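Asker: Below you'll find the structure I mean.
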Amino acid sequence: MGSKIERARRILKPGDRLIVSIDVSSKSGLIGLLKKIGGRVTTVKLGLELIYSLGLDIVETVKSFGYKVMFDGKLMDIPNTVAKAASAIGKLDVEMITLHALGGKNMMAGAVKDLKIQETERLKRRPLLMGVTILTSLDDGDLEEMGFKSGFADTVPGLVKLAIAAGLDGIVCSPNEVGTIRKDFGEGFYIATPGIRLAGDGSGDQKRVNTPGQALLQGADFLVVGRSITGKADVSGAVNLYLEKIEDTMGTYNTIKGKARC
Ligand code: C5P
């Protein structure tokens, strides 16, 4: 599996692996956080709160501070609509776009196809497309309530299989599922994990959480971290702490696996 993923995973530095999620609704809040992060991470994540509060101009604002953008639009609609939306976002020259794997294989494949056409036409590298599996805020009880016959342990791998078949570049899942996914589907695609918490952090509305160390040791590429950094009084210190933890963990990972991923 994973053979359909075209773009090889690259070696990532700690600052590439940590993606800070900027979940605020004001421009001053956004700029304040970008300054506190201080260019120590490569990419920041802009999600529904910021996009709907401030509009698409925020992408340029964030890029003007030197960051790449993970555009967490979590697209899900009929294939034609999602493909057109992905193309519109692609023109903003973002690094990654998220879409819901629950939208189905045709929806995901349509977005891949249109972004590849755009890449050829614009002669610019297209964004990575990342398929959100089951939100980390949902547990088995929630899935049952929603009518799913299986829990997330079965549902998530099924969605990963679809995402790979559709040609996505990576998936988004809970840190708790990364190990199984790597074992079953290999290493040919990116994994981003939200639901990251340090010991002592509250989990908030997230239910399937784990530490940065566990996520990385199981084979995650990117840690998407919001409140565990942005909710701290010392945001800058929290970024440093995360970067140190990533560096330490990847040293351990490389020793265990006998190869360099960091
Ligand atoms: O504050 P916290 O670290 O829980 O924020 C996680 C971020 O990751 C939020 O912006 C949320 O929208 C996003 N996300 C998520 N679960 C997914 C995909 C994205 O929590 N499956």
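Computed from the coordinates by the stated procedures, all read-outs in this text should not be read as laboratory data. Being a predicted model, the structure only gives us computed values, none of them experimental. With ideal geometry, Cβ positions are generated from the backbone for all residues, glycine too; neighbour counts draw on all protein chains shown.
Asker: Of the residues 168, 138, 162, which is touching a residue at least 40 places away in the same chain (Cβ under 8 Å), part of a helix (DSSP H, G or I), within 16 Å of the ligand (Cβ to nearest atom) and within 18 Å of the chain's Cα centre (by Cα)?
Answerer: Result of the check over 168, 138, 162: 162.
Asker: Name the residue that is nearest to the ligand (Cβ to nearest atom), counting only residues in the range 214-241 that are over 23 Å from residue 181 (Cβ atoms) and assigned to a loop (DSSP other than H, G, I, E, B).
Answerer: Checking each candidate, the answer is 231.
Asker: State the number of residues belonging to the range 94-125 that are not in a helix (DSSP H, G or I) and not acidic (Asp, Glu).
Answerer: Residues in the range 94-125 being not in a helix (DSSP H, G or I) and not acidic (Asp, Glu): 10 in total.
Asker: Would you be able to say whether some residue in the range 39-49 is part of a helix (DSSP H, G or I), under 26 Å from residue 167 (Cα atoms) and within 16 Å of the ligand (Cβ to nearest atom)?
Answerer: Yes, there is a match, as at least one residue in the range 39-49 is part of a helix (DSSP H, G or I), under 26 Å from residue 167 (Cα atoms) and within 16 Å of the ligand (Cβ to nearest atom).
Asker: Go through 186, 167 for me and flag whichever is touching a Gly at 6+ places or on another chain (Cβ under 8 Å) and on the phi > 0 side of the Ramachandran plot.
Answerer: Answer to the selection: 186.
Asker: Please give the number of the condition residue 88 fails out of (1) part of a helix (DSSP H, G or I); (2) within 16 Å of the ligand (Cβ to nearest atom).
Answerer: Unmet condition: (2).
Asker: Look through the range 178-213, keep the residues that are within 16 Å of residue 159 (Cβ to Cβ) and of a type in the set (S, T, N, Q), and return whichever of them is nearest to the ligand (Cβ to nearest atom).
Answerer: This residue is 193.
Asker: Among (1) touching a residue at least 24 places away in the same chain (Cβ under 8 Å); (2) farther than 21 Å from residue 39 by Cα; (3) of a type in the set (Ser, Thr, Tyr), there is one condition residue 203 misses while meeting the rest; what is its number?
Answerer: Going through (1) touching a residue at least 24 places away in the same chain (Cβ under 8 Å); (2) farther than 21 Å from residue 39 by Cα; (3) of a type in the set (Ser, Thr, Tyr) one by one, residue 203 breaks only (1).
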